[in-house]
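Asker: Okay, here's the structure, questions in a sec.
Please treat every number below as a calculation from the coordinates, not as lab data. Owing to the predicted nature of the structure, the values given are computational and were not obtained by experimental measurement. With ideal geometry, Cβ positions are generated from the backbone for all residues, glycine too; neighbour counts draw on all protein chains shown.
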Amino acid sequence: MEGIERLRILRVTEEDKSEIEDMVVRESSLSIILNDRELGTLLCTPTNLNHFAVGFIASKGWANFGISILGSLFSSCF
């Protein structure tokens, strides 16, 4: 599964500690830039970053345009 990796970890409980393999979510930072201005940096899984960026900009109301223009932005930027 993309964005998740299997790692060996040390599991510690009150009674015991043991080395096991577990699934860990990967995390990346993503800087959102609109019109050459950095709007912020977010932490997210490193998958579908283009969808995430366009959705984030639209949800904040920073880009006041319709879905068809959003689709064009999505296609041309990524």
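Asker: Between D16 and T47, what is the spin-label point distance in nm, taking each point 7 Å from the Cα along the Cα→C-beta axis?
Answerer: So the label points at D16 and T47 sit 3.2 nm apart.
Asker: Starting from the range 1-67, pick out the GluC sites (Glu not before Pro) whose DSSP state is loop and whose Cβ has at most 12 other Cβ atoms within 10 Å.
Answerer: E2, E14, E15, E27
Asker: From the phi of every residue in the range 5-16, what ³J(HN,Hα) in whole Hz does the Karplus formula 6.51 cos²θ - 1.76 cosθ + 1.60 yield, where θ is phi - 60° and glycine or proline is x?
Answerer: 9, 8, 10, 7, 10, 9, 8, 10, 10, 4, 8, 7
Asker: Loop only per DSSP, at most 15 neighbouring Cβ atoms within 10 Å: give me the trypsin sites (Lys or Arg not before Pro) in the range 4-62, ordered by residue number.
Answerer: Of the trypsin sites (Lys or Arg not before Pro), the ones in loops of the range 4-62 whose Cβ has at most 15 other Cβ atoms within 10 Å are R26, K60.
Asker: Using 0.36 nm per residue of separation minus the Cα-Cα distance, give me the extension gain between K60 and V24 in nm, one decimal.
Answerer: My answer for the length gained is 10.0 nm.
Asker: Right, next: Under the Karplus relation 6.51 cos²θ - 1.76 cosθ + 1.60, θ = phi - 60°, what is the ordered set of whole-Hz ³J(HN,Hα) values for the range 53-59, x standing for Gly and Pro?
Answerer: Per residue, the Karplus-derived 3J(HN,Hα) values read 5, 5, x, 5, 4, 5, 5 Hz.
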